[in-house]
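To start, the structure itself, in structure tokens.
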Amino acid sequence: MKKQIILKSLIASLVLISNTTYAHEFDDIENQDAEIEMTEQIRSEQKEYFEELQENWMRGTWARPRAGGSCKYVSSIFSPPPAKTVVLTFDDGPSSSLTPLVLDILKKHGVKATFFMKGNAATSKMSIVKRVNAEGHIVANHSYSHPNFHTLSQGTQVSEFTTTDSILRSEMPSSTKLFRYPYGNSTCSTNALAQRQGYKIVGWHVDSCDWAFSKNGYVTSKQAALCAVKPANTANFAGHVLSEVRRLNGGIVLMHEVHQRTVYSLDEIIVRLKREGFTFTNLNDPKMARYLK
């Protein structure tokens with residue numbers, strides 16, 4: 001009964017979050033539509049790259065596409081995850097309204113996660129950053145302003161990485177050194193910088209595609225193709241995440257705590273995966289080390 005009351009309270013809190021508050025969580029981008037458009041464009045480029053790579057491999061040429069290099073797209077993880085093991089990761093926070101709700105749900109289920117934070121959001125919400133750390137989760141680097149690293153000069157890439165590193169490590173000097181690229185668009189120079197600083201670069205097995213589900217609750221046919229959303233799940237965010245985790249038998253799951261739909265579905269996702277025998281761990285688990293670059 002107590003758990004039901006807590007869950008109802010969390011859902012009620014979500015309902016009370018206004019559209020104005022939601023838009024505020026995207027204060028570093030012009031609007032939500034622009035962010036969705038950017039993500040869709042980048043996912044299309046990534047898909048084309050890997051399709052060309054596969055075609056070259058089938059031909060026996062072993063050549064990488066001309067549009068890419070040896071480290072341009074390294075965020076999608078293709079090696080199988082540990083069986084029945086799931087890691088939840090949340091990007092783009094902290095959010096003043098939504099991150100606390102995520103933390104409450106994780107605490108309820110005894111699940112630890114990794115939060116990839118933007119420096120420009122963390123500076124004004126340090127109390128939330130500290131709470132994430134205090135509750136045993138990993139606080140990680142997700143750049144300062146969430147740009148597409150493929151469009152940045154080398155100097156700007158360095159600034160995006162090191163500024164956020166300084167912000168986070170000023171409060172948590174012994175925290176795990178993990179970095180995830182915005183949009184998953186990696187570069188050779190930042191890979192080298194991160195590794196020199198003792199960082200590991202983190203990708204994902206499962207793209208929740210919450211950025212596409214977030215606006216209307218469903219994905220377009222193009223978005224479904226980009227995120228491998230089955231026809232039965234085009235209007236079912238939780239169903240898509242569960243389907244992909246089952247298909248891969250686990251994995252690192254990419255989500256974004258700035259989307260209400262993600263937070264609203266999180267309890268259901270955790271409950272159903274646990275019921276099906278999946279266990280939750282975090283990126284500092286030794287068995288996850290092979291998936292960190």
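Every number in this text was worked out from the coordinates using simple rules, so none of it is lab data. This one's a predicted model, so the numbers in the text were calculated from it and none came from an experiment.
Stokes-Einstein diffusion coefficient for region 131-188 at 10 °C in a medium of 1.306 mPa s, Rh from the Kirkwood formula over Cα pairs: what value in µm²/s?
Values: Rh = 12.1 Å.
Estimated via Stokes-Einstein, D reaches 132 µm²/s.
Just the ratio, please: alpha-carbon radius of gyration of region 114-229 over 2.2 N^0.38 Å, N its number of residues. Intermediate results must be reported in sequence, preceding the final value.
Numbers: Rg = 15.3 Å, N = 116, 2.2 N^0.38 = 13.4 Å.
Output field value: 1.14.
Under the definition of Cα pairs under 8 Å and six or more residues apart, what whole-number percent is the relative contact order of region 97-205? Each step should come with its number before you reach the end.
Numbers: 138 pairs, mean separation 27.8, N = 109.
Computed value for region 97-205: 26 percent relative contact order.
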(message) Need the C-alpha centroid separation for region 124-163 versus region 195-217, integer Å.
(response) 13 Å
